[in-house]
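**Q** Below are the structure tokens for one structure; questions will follow.
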Amino acid sequence: MALVVGVFMVGLAPGLALLALLELPLEIATHRIQSARKQALQRSMMEASARTASGVQESVAAIETIRIFSAEEEEEERHSWNLARELRLKEQMELELALFTLVQRVLQLAIRVLVLFRSHQQLRDGYITAGVLVTFLLYQDTVGSHVQVMPWNPHVCPSIHASVHPGATHFLLPRCCSTASMHS
């Protein structure tokens with residue numbers, strides 16, 4: 001569906017279609033950066049959680065030794081520090097998610113503004129009509145709602161596995177291959 005609509009967009013206004021499609025590589029790059037950061041933070045979060053759990057287990061196992069040496073405050077301080085680190089990592093993950101969401105939306109908005117600005121120029125110069133512009137903008141919304149950036153997984157949509165280069169890490173999938181089908 002998205003491919004057919006994209007072809008219609010190119011037929012209506014090739015320059016505008018190329019400008020609108022500029023959003024895709026930018027979205028892919030943003031998605032790759034976000035995925036790498038998310039993985040690194042999740043790894044750090046798992047290490048911090050393991051450190052906290054290990055500290056608690058050690059404290060419980062050595063509770064008598066801790067009491068003998070009056071080290072309860074030190075153990076409490078160490079545990080509090082580990083919990084604070086976990087909290088900071090969680091907050092950083094949420095902040096980065098919000099930042100990447102903002103960047104993606106700003107990029108989408110910037111591309112929309114560029115398309116509208118360029119379409120206004122073409123409309124004013126007589127290269128396109130108002131009907132072509134309205135149709136193009138509706139097609140652009142249709143393509144945007146049917147295509148999303150997804151990690152490459154040959155088990156999700158085997159029918160398109162052969163059409164994708166084996167070394168590819170990301171590509172565009174139709175909505176039929178959504179995240180719901182990826183997690184099943």
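**Q** Checking a compactness column here: for the range 47-145, what do you get for Rg(Cα) / (2.2 N^0.38 Å), N being the number of residues?
**A** Dividing the Cα radius of gyration by 2.2 N^0.38 Å gives 2.28.
**Q** Separate question: Would you kindly give the portion of the calculated P(r) for the range 1-90 that falls above 23 Å, as a percent of all Cα pairs? Intermediate results must be reported in sequence, preceding the final value.
**A** Working: 2251 of 4005 pairs.
That tail contains 56 percent of the Cα-Cα pairs.
**Q** For the range 1-86, with all protein chains present and a 1.4 Å probe, just round the carbon and sulfur fraction of the accessible area to a whole percent.
**A** Numbers: 3690 of 5860 Å².
With neighbouring chains kept in place, the figure for the range 1-86 is 63 percent.
**Q** Please compute the modelled spin-label separation between E47 and L95, points set 7 Å along Cα→Cβ, answer in nm with one decimal.
**A** Here the modelled spin labels are 1.9 nm apart.
**Q** So, one more: With every protein chain kept in place and ligands, DNA and RNA left out, what is the accessible area per residue of the range 1-112? Probe 1.4 Å, answer in Å².
**A** Working: 7840 Å² over 112 residues.
Per-residue value: 70 Å².
**Q** Shifting gears a bit: Distance between the C-alpha centers of the range 44-63 and the range 70-134? Whole Å please.
**A** Each part's Cα centre sits 33 Å from the other's.
The values are calculated or read from the model by the stated rules, or taken from the named source; none is laboratory data. Being a predicted model, the structure only gives us computed values, none of them experimental. Cβ: placed from backbone, ideal geometry, glycine included. Neighbour counts: every protein chain shown. The area values use the complete protein model at the heavy-atom level, side chains included, leaving out ligands, DNA and RNA. Shrake-Rupley method; radii C 1.70, N 1.55, O 1.52, S 1.80 Å.
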